[in-house]
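The values are calculated or read from the model by the stated rules, or taken from the named source; none is laboratory data. Just so we're clear, the structure is a prediction, and the values are computed from it rather than from any experiment. Reconstructed Cβ throughout: ideal geometry from the backbone, glycine too, with neighbour counts over all protein chains shown. These area figures cover heavy atoms from the full protein model, side chains too; ligands, DNA and RNA do not enter into them. Shrake-Rupley method; radii C 1.70, N 1.55, O 1.52, S 1.80 Å.
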Amino acid sequence: MQEQLLEEGDRMEEEVSSGISFSPLVWVSKFQTMAREAYKSKPISHWVLLLLSSLGMLVAFPASSLLSRVYYANGGTSKWIISWVAVAGWPIPALILFPTYLFFNASPSPLNLYLFLSYVFLGFLSAADNLMYAYAYAYLPASTASLLASSSLVFSALFGFLIVKNKLNASMINAIVIITAAMAIIALDSDSDRYASVSNSQYIWGFVWDILASALHGLIFALSELIFVKFLGRRSFHVVLEQQVMVSFLAFVFTTIGVIVNKDFQGMVSEAKTFKGGESAYNQVLIWGTITFQLGVLGGTAVLYLASTVMAGVLNAVRVPLTSIAAVILLHDPMSGFKILSLVITFWGFASYIYGTAPGTKLS
């Protein structure tokens with residue numbers, strides 16, 4: 001079916017290049033036909049799961065990002081605690097996984113040495129990624145941090161090309177250049193949104209940690225798809241849950257060790273007492289941060305299984321402007337002209353990337 005869609009798209013391009021009458025209405029009609037054929041090629045359950053997974057990325061992820069910023073804005077200081085919150089919800093996908101064994105005749109994937117070591121490596125990378133993002137949200141406004149995180153689309157494309165052999169074309173390369181330019185614009189506007197309590201060096205480090213975390217995030221996406229292809233074979237949806245449980249649990253182990261060594265568990269009691277809104281507000285921020293982050297990651301991993309690194313990268317990037325807009329509305333983040341320009345350019349980059357990944361686009 002995919003080959004048929006690509007052939008149809010090639011014919012559309014040939015019509016344009018050969019001078020045959022070609023109107024936007026004709027293109028829309030043919031695109032609708034391709035979309036209808038793609039829809040019919042999968043069972044309805046596939047599209048329902050894909051919709052729920054996409055909503056997990058577009059709703060839960062922005063919510064967890066805003067909660068991280070709320071934690072720091074209201075008196076929280078620990079980077080390790082926020083990193084720990086991100087993986088403390090690892091039992092959530094486990095609670096979804098075990099019923100598939102009991103009621104849907106699914107069997108656990110064989111856990112060989114290579115697969116286990118892959119999980120350990122991804123768990124370590126996830127723990128490091130969460131810690132980097134924690135530093136970014138400690139020093140940057142949520143809107144700025146999320147815009148910088150849109151660079152993960154660039155890294156997802158590059159690592160997907162290098163590791164999983166996903167194709168790159170002119171539109172996708174154009175998107176990479178555009179989004180990189182948008183990040184440069186934010187860097188030029190660094191003085192407009194820096195908090196008074198944050199030093200210039202802290203702001204710069206927050207910027208650096210955000211970019212590094214986005215690069216690592218793109219690498220994790222590509223490696224996750226590689227594991228599906230090489231070791232799990234994309235057999236069924238329950239393998240997505242298996243991977244998420246294992247990676248989140250191992251990331252939880254690595255992060256818990258860091259929290260213990262840094263003695264941050266002991267500091268949670270005093271931190272809760274001085275938190276704006278009291279201990280109840282402190283606990284709610286951490287609990288909801290745990291739930292929303294895990295649902296967002298679960299949605300992202302599911303999109304990898306149900307679609308590809310390409311779609312996961314697109315959705316991961318689309319959630320970025322959603323987070324920025326929500327931060328301006330709910331947290332009253334400053335929104336300068338440069339940041340608005342960066343947001344518009346980022347949208348342009350997203351559109352170019354989505355066009356480049358659509359069926360019918362010739363690949364290099």
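All other residues with a Cβ under 11 Å from the Cβ of Tyr282 taken together, and with Lys, Arg as +1 and Asp, Glu as -1, what is their net charge? It would help to have the intermediate numbers written out before the result.
Working: positive: Lys273, Lys276; negative: Glu271, Glu279.
Its environment carries a net charge of 0.
Calculate the FRET efficiency for Leu322 and Leu113 from the Cβ-Cβ distance with a Förster distance of 45 Å, rounded to the nearest 0.05.
The pair Leu322/Leu113 has a calculated efficiency of 0.65.
Solvent-accessible area per residue for region 47-357 at a 1.4 Å probe radius, Å²? Provide the component values of the computation, followed by the final result.
Working: 13310 Å² over 311 residues.
Spelled out: the 1.4 Å probe surface of region 47-357, per residue, equals 43 Å².
So how compact is region 98-217: Cα radius of gyration and Dmax in angstrom?
Spelled out, the Cα radius of gyration and Dmax of region 98-217 are 18.8, 57 Å.
Using the per-residue mean of other Cβ atoms lying within 10 Å as a proxy for protection, in what order, highest first, do the peptides 67-75, 109-117, 83-91, 157-165 fall? Don't skip to the answer; put the middle values down first.
Working: 67-75: 20.4, 109-117: 11.8, 83-91: 23.9, 157-165: 18.6.
Sorting 67-75, 109-117, 83-91, 157-165 by mean packing, highest first, produces 83-91, 67-75, 157-165, 109-117.
Which length gain, in nm to one decimal place, applies between Asn174 and Phe104 when the Cα-Cα distance is subtracted from 0.36 nm times their residue separation? Mind showing how you got there, number by number?
Working: separation 70, 0.36 × 70 = 25.20 nm, distance 4.43 nm.
My answer for the length gained is 20.8 nm.
Calculate the FRET efficiency for Ala281 and Phe121 from the Cβ-Cβ distance with a Förster distance of 30 Å, rounded to the nearest 0.05. Don't jump to the answer; show the numbers that get you there.
Values: r = 37 Å, r/R0 = 1.23.
E between Ala281 and Phe121, to the nearest 0.05, is 0.25.
Take the solvent-accessible surface of the protein heavy atoms, probe 1.4 Å, and return the percent of it on region 47-357 that carbon and sulfur atoms account for. Intermediate results must be reported in sequence, preceding the final value.
Details: 9800 of 13310 Å².
That share works out to 74 percent.
Would you mind checking region 251-265 for residues with the amide N under 20 Å from a putative spin-label position 7 Å along Cα→C-beta of Ala94?
Residues passing the 20 Å test: 251-260.
With a sphere of radius 12 Å drawn around the Cβ of Pro62, what net charge do the other residues whose Cβ falls strictly inside it have (Lys, Arg +1; Asp, Glu -1)?
Details: positive: Arg69, Arg319; negative: none.
Once positives and negatives cancel, what remains is +2.
How long is the gain from Thr77 to Lys167 if the chain were fully straight, where each residue apart is worth 0.36 nm and the alpha carbon distance is subtracted?
Values: separation 90, 0.36 × 90 = 32.40 nm, distance 4.22 nm.
Gain on extension, Thr77 to Lys167, equals 28.2 nm.
Given 4 °C and 1.567 mPa s, how large is the Stokes-Einstein diffusion coefficient of region 47-357 in µm²/s, with Rh as the Kirkwood radius over Cα pairs? It would help to have the intermediate numbers written out before the result.
Details: Rh = 19.6 Å.
The Stokes-Einstein estimate is 66 µm²/s.
What is region 214-297 by shape, rounded, prolate or oblate, if you read a ≥ b ≥ c off the alpha carbon gyration tensor as root eigenvalues and call it rounded for a/c under 1.5, prolate for a/b larger than b/c, and oblate otherwise?
Note, shape of region 214-297 comes out prolate.
Fully extended, how many nm does the chain gain between Leu331 and Lys42 (0.36 nm per residue separation, minus their Cα-Cα distance)?
Values: separation 289, 0.36 × 289 = 104.04 nm, distance 4.10 nm.
Using 0.36 nm per residue and subtracting the Cα-Cα distance, I get 99.9 nm.
Near Thr301, within a Cβ-to-Cβ distance under 12 Å, what is the net charge of the other residues, with Lys and Arg +1 and Asp and Glu -1? Walk me through the numbers before you get to the answer.
Numbers: positive: none; negative: Glu225, Glu242.
Here the count lands on -2.
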